[in-house]
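Here is the structure we will look at, set down as structure tokens.
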Amino acid sequence: MSARIIDGKVIAARLRTDVAAAVRTLPAQPALAVVLVGDDPASQVYVASKVKQTAEAGMRSVEIRLAAETEESELIARVATLSADPEIDGILVQLPLPKHIDEARVLAALDPSKDVDGLTEASAGKLMLGKPGLRPCTPTGCVILAKSERPDLAGANVAVIGRSILVGKPAALLFLEQNATVTIAHSKTRDLRMLCRGADILVAAVGRPEMIKGDWIRPGAIVIDVGINRVPAPEKETAKTKLVGDVAYAEALTTAAAITPVPGGVGPMTIACLLRNTVLAACARRGWTAPDMLAGG
Ligand code: NDP
């Protein structure tokens, strides 16, 4: 048996098409501001993709690039200005920020109604309380991918490995919102293998290359691999490094019913969900009815 591959590129493209169609029905063009501080190469690539895909979805993109040595107070002032600007619907501050800047203080300056990354205290609080709000993008992508295999998650046993603010915790709450039975594991969890073996849906968000082995996976499970780890490539390959997930992919293919590849699984969903959040934020702020954009998540 070989697992079905959950093609995040295809599902993300479908979501982006839905978002673009939704944008065409709106009375005006939503605008997303992306703020990048410094010259981290990975962040530059992410920001370039976000800017490009925002424009492709028919939305206005505002890009603000600041030098790595920008003072925290200046960044906060910039975010506050964008928060007060009625023409801006969504604000994304690309993380990580340079070490001398406190992320929490910057996020506190962000108007929660424009928090398209779903990372402010207000957004996290709404998620915790089960109130409508802007949900974090990567975990939302995980739910959409799981639902592409199992549309009704009610009663499913979901194990989320990782409890970060960015991925693990919100993913657990989003699966709970879908009426799944959720267990959260972390570095102090005992007998992780047994815990994984009990999961109908396994969400790996650890950041350790191929840590989760094939025989940790329950036969027939759905595996959502969030991990992005750069490792040395085998000598026979021309590239020096390659990307792998947190799950031993080749092994998992023989046990799981379905699995997301790395790259091409969860990654593409993150930006697609960001675009959807920008439309949702624009609709909520401007009193427009939000169009349907791929149910789930
Ligand atoms: P963090 O480092 O913030 O969190 C990792 C979590 O894994 C922690 O909760 C940690 O536990 C847990 N952990 C670490 N080691 C173990 C272990 N041996 N057993 C069980 N749990 C363990 O990472 P993120 O959540 O930010 O990211 C996780 C992965 O997802 C990374 O590879 C990252 O690159 C990727 N990622 C991918 C995205 C995408 O778009 N596809 C977006 C964001 C992240 P503890 O809390 O106890 O320390």
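The values are calculated or read from the model by the stated rules, or taken from the named source; none is laboratory data. Owing to the predicted nature of the structure, the values given are computational and were not obtained by experimental measurement. Neighbour counts run over all protein chains shown; Cβ positions are idealised from the backbone, glycine included. Keep in mind that these areas ignore ligands, DNA and RNA; they rest on the heavy atoms of the full protein, side chains included. Shrake-Rupley method; radii C 1.70, N 1.55, O 1.52, S 1.80 Å.
Could you list, in sequence order, all residues of the range 218-227 that are within 21 Å of SER187 (Cα to Cα) and either near the ligand (Cβ under 9 Å from one of its atoms) or touching a strand residue (DSSP E or B) at 6+ places or on another chain (Cβ under 6 Å) (or both)?
So in the range 218-227, the residues within 21 Å of SER187 (Cα to Cα) come out as 218, 223-227.
Answer for the range 218-227, where residues must be within 21 Å of SER187 (Cα to Cα) and either near the ligand (Cβ under 9 Å from one of its atoms) or touching a strand residue (DSSP E or B) at 6+ places or on another chain (Cβ under 6 Å) (or both): VAL223, ILE224, ASP225, VAL226, GLY227.
On the basis of being closer than 30 Å to GLY133 by Cα, open to solvent by 10 Å² or more (accessible area, probe 1.4 Å), within 16 Å of the ligand (Cβ to nearest atom) and among the charged types (D, E, K, R), does ARG230 make the cut? Don't jump to the end; show me each part of the working.
Values: closer than 30 Å to GLY133 by Cα: no; open to solvent by 10 Å² or more (accessible area, probe 1.4 Å): yes; within 16 Å of the ligand (Cβ to nearest atom): yes; among the charged types (D, E, K, R): yes.
The answer is no for ARG230.
Considering the range 175-192 alone, what residues qualify as being within 16 Å of MET128 (Cα to Cα) and among the acidic types (Asp, Glu)?
Hit for the range 175-192 is GLU177, nothing else.
For ALA205, only one of the following conditions fails: (1) more than 30 Å from THR81 (Cβ to Cβ); (2) open to solvent by less than 10 Å² (accessible area, probe 1.4 Å); (3) near the ligand (Cβ under 9 Å from one of its atoms). What is its number?
Unmet condition: (2).
Go through the range 235-272 and give me each residue that's open to solvent by less than 30 Å² (accessible area, probe 1.4 Å) and farther than 16 Å from ILE224 by Cα.
Across the range 235-272, the qualifying residues are ILE271, ALA272.
When you go through ALA57, ALA68, ALA31, ALA22 one by one, which is the residue that is of a type in the set (A, V, I, L, M, F, W, C) and open to solvent by 20 Å² or more (accessible area, probe 1.4 Å)? If you could, list the steps in order and put the result at the bottom.
Numbers: ALA57 fails: open to solvent by 20 Å² or more (accessible area, probe 1.4 Å); ALA31 fails: open to solvent by 20 Å² or more (accessible area, probe 1.4 Å); ALA22 fails: open to solvent by 20 Å² or more (accessible area, probe 1.4 Å).
Every option except ALA68 fails the conditions.
Just checking, how many residues over the range 170-197 are more than 11 Å from the ligand (Cβ to nearest atom), open to solvent by less than 30 Å² (accessible area, probe 1.4 Å) and either assigned to a loop (DSSP other than H, G, I, E, B) or in contact with a Pro (Cβ under 6 Å, 6 or more places away or on another chain) (or both)?
2
Which numbered condition trips up ALA159, out of (1) assigned to a loop (DSSP other than H, G, I, E, B); (2) aliphatic (A, V, I, L, M); (3) within 11 Å of the ligand (Cβ to nearest atom)?
(1)
Under 6 Å between Cβ atoms, which residue pairs at least 6 apart in sequence (or on different chains) link something in the range 168-193 that is in the same structural domain as ALA156 (by TED's automatic domain parsing) and within 16 Å of LEU145 (Cα to Cα) with a partner that is within 11 Å of the ligand (Cβ to nearest atom) and assigned to a helix (DSSP H, G or I)?
Close Cβ pairs satisfying both conditions: PRO170/PRO139; ALA171/PRO139; ALA171/CYS142; LEU174/PRO139.
Wholly within the range 11-115, which helices (runs of 4 or more DSSP H) include no fewer than the required count, namely at least 2 residues that are modelled with pLDDT under 95 and farther than 23 Å from CYS283 by Cα? Reasoning before the result, please.
Details: elements: 41-56, 72-84, 103-108.
Of the helices (runs of 4 or more DSSP H) lying wholly inside the range 11-115, those with at least 2 residues that are modelled with pLDDT under 95 and farther than 23 Å from CYS283 by Cα span 41-56.
Just need a number here: residues in the range 118-156 that are among the β-branched types (Val, Ile, Thr), in contact with an Asp or Glu (Cβ under 9 Å, 6 or more places away or on another chain) and within 15 Å of the ligand (Cβ to nearest atom).
We begin by selecting, within the range 118-156, every residue among the β-branched types (Val, Ile, Thr); these are 120, 138, 140, 143-144.
Next, from what is left, pick out any that are in contact with an Asp or Glu (Cβ under 9 Å, 6 or more places away or on another chain): 120, 143.
Okay, now just the ones that are also within 15 Å of the ligand (Cβ to nearest atom), so 143.
Residues that pass the stated criteria total 1.
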